[in-house]
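One structure below.
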Amino acid sequence: MKYLAAISALALALSALGTPALAQPVPRPVPAQQPDVKQVKAEVIVLHATNEGKGIDPNIGDLPQLKKPPFSAYDTYKLLDRPTLTLARGQVASHKLPNDGKLNVELKDILVEKDSEKLVVGASIDQPDGKRFVEMTVTSARGGIFFVAGPAYKGGILVLAIRVGVP
Amino acid sequence: MRWLDGELDEGEAAPGQLEDATAARKLRDLELVGSVVRERAEGDPRADGIADAVMAALAAEQAERHEAKVIPLAERRADRAATGRPANDNARSIFALAALAAAAAAGLFFWGRGGAPGSDELASGDLSAPMDQIVAERAATPAPEAALFTEPAVAPQPEARPPAVEVAAVNFGARQGSVFYMGGSDAADGMTAVVWVTDDAAGGRP
């Protein structure tokens, strides 16, 4: 029994030593500052992607991503629309799409960490019948661009390039 | 019935029902049935076989008991005394378990001290460093072709850059979809995100 007591005490001591090593102090997230920004603008580039062998519409501008995967699955990109939406915090801005669906964009938050500012943007696409097609939340620097692709349209698909925080 | 089988005690009176015609008929029937059963039972060889088998089994069991080794109790106690351990001594087993627990605790201790890369950086309070490191590693490793549709893929980049756009959450609903990260127009741009939804009406994946 003496051995048992000694070994148990040793095990408890080692466990006590090991516990703080496993439970490293997890730093609490620094609360982001809330800048006094009421609204930002978002540019939406609506493209029609097909495989008609016609290349990329020069009116689209500088979007080199269209030449790389996964966009290279289509060889023809035509500019259909280029609206600019004003995003107010907590309000949804909508825009009708060529397939009678609807794009919804919302400025959810603005995060300031160190010297960088991040826009938290919610985006969703509704089908023509009103059902939700896809929805997402992205975090972007000002001027950052993200793409949403997939809705079927006239033998191809719609590709939306959304650049947030444009001047 | 007992009268027929001869089981009546001496004091019991013989039944007077024999005078009754119905009782006399029942008695004759019983005698007839009894004689038939006796004939068939005596003619069946299995009856003797069962008895022989039971007796043989009993004899075998008895012989086995006689062959068992009998250990005198005094001798048994002497052996116990020579080993110095009581019959319920489990100290060695408990000792082994305790040693195993101590070894596990020591292993966890050293693993916790040196086996968790990045824990020091987390403790320093620099939140951006681990995420940047993860993004840099993912950007430097081209995603295999088969994994493009199972998890967000990162296109190979010449150098690691902080992402300009990150997808925090996406809901494809009942459809299938993928999230891609790819480079921007020039080195100054960060990575951009592509949310690609597979619309069956459009013909499938990219």
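So, of the residues in the range A:53-76 that are surrounded by 14 or more Cβ atoms within 10 Å (Cβ to Cβ) and assigned to a loop (DSSP other than H, G, I, E, B), which turns out to be farthest from the other protein chains (Cβ to nearest Cβ)?
Just the residues of the range A:53-76 that are surrounded by 14 or more Cβ atoms within 10 Å (Cβ to Cβ), to begin with: A:56-57, A:60, A:63-66, A:69-71, A:73-76.
Checking the rest, the ones that are also assigned to a loop (DSSP other than H, G, I, E, B) come to A:57, A:63, A:69-70, A:74-75.
Numbers: A:ASP57: 17, A:LEU63: 7, A:PRO69: 7, A:PRO70: 4, A:TYR74: 8, A:ASP75: 12 Å.
Within the range A:53-76, the match that is farthest from the other protein chains (Cβ to nearest Cβ) is A:ASP57.
What do you reckon, is A:LEU79 among the aliphatic types (A, V, I, L, M), modelled with pLDDT of 65 or more and not in a strand (DSSP E or B)?
Answer is no for this residue.
Taking the criterion of being touching a residue at least 24 places away in the same chain (Cβ under 8 Å) and within 23 Å of the chain's Cα centre (by Cα), the residues of the range A:49-65 that qualify are A:ALA49, A:LEU63, A:GLN65.
Of all residues in the range A:124-146, how many are assigned to a strand (DSSP E or B) and in contact with a Phe, Trp or Tyr (Cβ under 8 Å, 6 or more places away or on another chain)?
Going through the range A:124-146, the residues assigned to a strand (DSSP E or B) turn out to be A:124-126, A:132-141, A:145-146.
Then keep just the ones that are in contact with a Phe, Trp or Tyr (Cβ under 8 Å, 6 or more places away or on another chain); that gives A:124-126, A:134, A:138, A:140.
Final tally of qualifying residues: 6.
Among the numbered conditions (1) in contact with an Asp or Glu (Cβ under 8 Å, 6 or more places away or on another chain); (2) facing chain B (nearest Cβ under 7 Å); (3) β-branched (Val, Ile, Thr), the only one that A:VAL134 does not meet is (1).
Being in contact with a Ser or Thr (Cβ under 7 Å, 6 or more places away or on another chain), more than 9 Å from chain B (Cβ to nearest Cβ) and buried (at least 21 other Cβ atoms within 10 Å of the Cβ) is a condition met by at least one residue of the range A:110-120.
If you check A:ALA88, A:ALA149, A:ALA93, A:ALA161 for being more than 7 Å from every other protein chain (Cβ to nearest Cβ), surrounded by 22 or more Cβ atoms within 10 Å (Cβ to Cβ), of a type outside the set (Ser, Thr, Tyr) and under 23 Å from A:LYS41 (Cβ atoms), only one passes: A:ALA161.
The values are calculated or read from the model by the stated rules, or taken from the named source; none is laboratory data. What you see is a predicted model, and the numbers here were worked out from it, not measured in a lab. Reconstructed Cβ throughout: ideal geometry from the backbone, glycine too, with neighbour counts over all protein chains shown.
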